[in-house]
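Engineer: I am attaching a structure below and will ask some questions about it afterwards.
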Amino acid sequence: MNVIDIKGLGLAFEQSGQRTEILRGLDLSIAAGEFVAIVGASGVGKSTLLRVLMDLARPSSGTVRVSPDPKAERAMAMVFQDARLLPWRRVLANVAFGLEKTHLSRAERRERAMTALASVGLAQVADRFPHQLSGGQRQRIALARALATRPSILLMDEPFSALDAPTREALQDELLRVSEQFGKTVLFVTHDIDEAVYLADRVVALGGKPGETRASVRIDVPRPRRRGDAAMRAIAEKIKEQLHAEAAAARDDWVI
Amino acid sequence: MKFSQHMLAGLGLAVFLIVWELVPTLGLVGPNILPTPSQLPAAFMRELRSGAWLASVAASLGHYLMGLVVGGFAGVALGVATGMSRRLEAALSWVVRVLRPIPGLAWIPFAILWFGVEQTAAVFIIAIGVFWIVFFASQGAIRGVDRELIEVADAFGFRAWHEKLTKVLLPAATPGILVGLRTALGQAWMAVVAAELFGVHGLGQRMNQASSLLATDIVVVYMLTMAALYGLMDAGFIALQSRLMAWKA
């Protein structure tokens, strides 16, 4: 049973008379509980795809069908590349942000927020302000904020790319643990192929101008996975080759 | 380091007071042109005992604060509204361009016509000055809110304009709005004196009376009173501001 079904998605926008197509004829299906990584060159439209799903951007053509788990409270929640916490709110109030749309009482919201904060291991900073925390901590809080709304699908837009390598790896493992624990469907956009292969059940590569689905590769390596595993490296190499070929073809169009 | 800076400042002030004391004493200017600092405490006590000082301060503070409140509220409300709605801003833009350059004092004839030589007229003049400062500060502050934070509100389901206003726009714009209010705090005092010159009770009126009687020492007493009151307001505002901005880095 597919949780997300996208057929023939196209998005174009007009700017001073010029029509720019970002996506065209994109097909993508995601099953419940799947962890799918979306990779591709910069600007191919990965973030745009997430925005369409989150209803932050309107498609020009195609159909998008989202069938979330009826037991979940919200269909989707998003984690951005920069944590985007509200600087004037303390950490706990930030995590509770999405819950203010519900009919929960203040005490219930606090409790849910604390649970979500604890699940990313940051219960002790509940009373601090965002500016007092490190980048890695802020991203974990952004993740807690998304999890607190109990979504059936997690959309993540290059959430770890702004962090240093050790923090990134720690957060990757935390994400895997949390998504398995709560049985989430995850759509993870990244430009780091190794990260994609390490995390995902399936890697979808976008390419072309305008962007469309170029390849869908299953990662049949059992969990828990080891970084640098030979099988994973081989898969990553293949995907990288494909994307490099695309980039080279695009470069032939360069004038300089 | 701090101590020596204080010493220098104290020295500077002392020299200033000494020179000031000497200039009229040595007959460099006529006795009624400039009072000496030593005359001030006596003048102040006279004003205090006659009740004039307290009455003037109360009256001026009264319409100063009223003008701040009225002008401040109107400025924030309209500034936020035009900051949020491009259409509203466009609709009002030429009206603003016509009315904005008119100095607050130029409104005095209408103030007297509409409200008489009453407190309300002074409040009106002060409010106009406050309004324009706060209006532009609020509009700019709303416009300057980080788009990415607004997108977070959208992503978590807060799509309605009033939700975005309370959850993101107002808190994010508060620093800018406060800067506008603080500036208005100072400008409003200038308007107080001018607004009272035409006869409304208060510091300005008392100063005017005193100067027409050549009681220049009383004039200086009130000048210093105004400086002290403004300093008090500003200090109070800064305290409020730092409480509200505790979240800033």
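Engineer: Could you work out the relative contact order of segment A:1-108? I mean the mean sequence separation of Cα pairs under 8 Å and 6+ apart, divided by the number of residues, in percent.
Structural biologist: On the way: 119 pairs, mean separation 30.0, N = 108.
Computed over segment A:1-108, the figure is 28 percent.
Engineer: Can you compute the FRET efficiency between residue B:95 and residue B:69 using 1/(1 + (r/R0)^6), with r the Cβ-Cβ distance and R0 = 22 Å? Round to the nearest 0.05.
Structural biologist: Values: r = 23 Å, r/R0 = 1.06.
Efficiency computed from Cβ-Cβ geometry: 0.40.
Engineer: Same structure, new question: By a straight-distance test (C-alpha under 19 Å), which lysines pair with residue A:209 as possible cross-link partners, with residues fewer than eight away in the same chain excluded?
Structural biologist: Here the lysines satisfying the reach criterion relative to residue A:209 are A:7, A:46, A:240.
Engineer: Points 7 angstrom from Cα along the Cβ direction at residue A:32 and residue A:229: gap in nanometres?
Structural biologist: It is 2.6 nm.
Engineer: Now a separate question. Below 21 Å, Cα to Cα, which lysines can residue B:248 reach? Residues fewer than 8 away in the same chain don't count.
Structural biologist: List returned: B:164, B:167.
Engineer: Quantify how strongly other chains surround peptide B:86-96 by giving the mean number of their Cβ atoms within 10 Å of each of its Cβ atoms.
Structural biologist: Values: counts 0, 0, 0, 0, 0, 0, 0, 0, 0, 0, 0.
Taking all residues of B:86-96 together, the mean is 0.
Engineer: Run the reach check for residue A:238 against aspartates and glutamates, Cα to Cα strictly under 13 Å, same-chain hits fewer than 8 apart removed. What comes back?
Structural biologist: Result set, ordered by chain and number: A:194, A:246.
Engineer: What value does chain A have for Rg/Rh, both radii from Cα atoms and Rh as Kirkwood defines it? Spell out each step's value before the answer.
Structural biologist: Values: Rg = 18.8 Å, Rh = 19.2 Å.
A ratio of 0.98.
Engineer: Could you give the distance between the Cα centres of segment B:83-130 and segment A:129-152, to the whole Å?
Structural biologist: 46
Engineer: Another one. Can you tell me the dipole magnitude for segment A:111-151 around its Cα centre, using point charges on the Cβ only (Lys, Arg +1; Asp, Glu -1), in Debye to the nearest 20?
Structural biologist: Numbers: 6 positive and 2 negative charges, 26 e Å.
The dipole magnitude comes to about 120 debye.
Engineer: Here is a further query. Between residue A:60 and residue A:218, what FRET efficiency comes out of the Förster formula 1/(1 + (r/R0)^6) with R0 = 35 Å and r the beta carbon distance, rounded to 0.05?
Structural biologist: Working: r = 31 Å, r/R0 = 0.88.
Efficiency for this residue pair is about 0.70.
Engineer: Let me ask you something else. Provide the net charge surrounding residue B:215, with neighbours chosen by a C-beta distance below 14 Å and charges set as Lys +1, Arg +1, Asp -1, Glu -1. Don't skip to the answer; put the middle values down first.
Structural biologist: Numbers: positive: B:46, B:206; negative: B:47, B:217.
That sum, taken over residues with Cβ under 14 Å, equals 0.
Engineer: Going through the DSSP H helices of chain B, which span 24 Å or more along their own axis at the Cα atoms while scoring at least -1.0 as a mean Kyte-Doolittle hydropathy?
Structural biologist: On the way: long enough: B:2-25 (35 Å, 1.18); B:52-84 (47 Å, 1.48); B:119-143 (35 Å, 1.62); B:170-197 (40 Å, 1.16); B:216-244 (42 Å, 1.23).
In chain B, the long hydrophobic H runs are B:2-25, B:52-84, B:119-143, B:170-197, B:216-244.
Engineer: Here is a follow-up. Specify the inter-centroid distance of segment A:4-35 and segment B:206-249, based on alpha-carbon positions, in whole Å.
Structural biologist: Answer, in whole Å: 62.
Engineer: Enter the accessible area per residue of segment A:53-102 (Å², integer; probe 1.4 Å; all protein chains in place).
Structural biologist: On a per-residue basis, 47 Å².
Engineer: May I pose another question? For chain A, what relative contact order do you get, as a whole percent, if you take Cα pairs closer than 8 Å and at least 6 residues apart?
Structural biologist: Values: 468 pairs, mean separation 65.4, N = 256.
The value is 26 percent.
Engineer: So if we plug the beta-carbon distance of residue A:108 and residue B:77 into 1/(1 + (r/R0)^6) with R0 = 30 Å, what FRET efficiency do we get, rounded to 0.05?
Structural biologist: Values: r = 34 Å, r/R0 = 1.14.
E between residue A:108 and residue B:77, to the nearest 0.05, is 0.30.
Engineer: So, one more: Per-residue Cβ counts within 10 Å, from other chains only, averaged over A:74-82: what number is that?
Structural biologist: On the way: counts 2, 0, 1, 3, 5, 1, 4, 1, 1.
The shielding value for this peptide is 2.
Engineer: Further question: Within segment A:82-108, name every residue whose backbone N is under 17 Å away from a label modeled 7 Å from Cα of residue A:118 along the Cβ vector.
Structural biologist: Label zone hits: A:92-93, A:95-96, A:107-108.
Engineer: Right, here's the next one. Percent relative contact order of chain B, based on C-alpha pairs within less than 8 angstrom and at least six residues apart?
Structural biologist: Details: 265 pairs, mean separation 60.9, N = 249.
Across chain B, relative contact order equals 24 percent.
Engineer: If I model a spin label as a point 7 Å beyond the Cα along the Cα-Cβ vector, how far apart are those points for residue A:12 and residue B:5 in nm?
Structural biologist: Placing both labels 7 Å beyond Cα along the Cβ direction yields 6.3 nm.
Engineer: Working out 0.36 nm times the residue gap between residue B:147 and residue B:42, then minus their Cα-Cα distance, what length gain in nm do you get to one decimal?
Structural biologist: Values: separation 105, 0.36 × 105 = 37.80 nm, distance 5.97 nm.
Residue separation times 0.36 nm, minus the Cα-Cα distance, leaves 31.8 nm.
Engineer: Report, for the protein assembly as shown, the % of DSSP beta bridges that are antiparallel, rounded to 5.
Structural biologist: Numbers: 21 of 40 bridges.
Just about 50 percent of them are antiparallel.
The values are calculated or read from the model by the stated rules, or taken from the named source; none is laboratory data. Nothing here was measured: the structure is a model prediction, and the numbers come from that model. In this analysis, Cβ positions are derived from the backbone assuming ideal geometry, glycine residues included, and neighbour counts consider all displayed protein chains. Quick note on the areas: whole protein, heavy atoms, side chains included, nothing else; ligands and nucleic acids left out. Shrake-Rupley method; radii C 1.70, N 1.55, O 1.52, S 1.80 Å.
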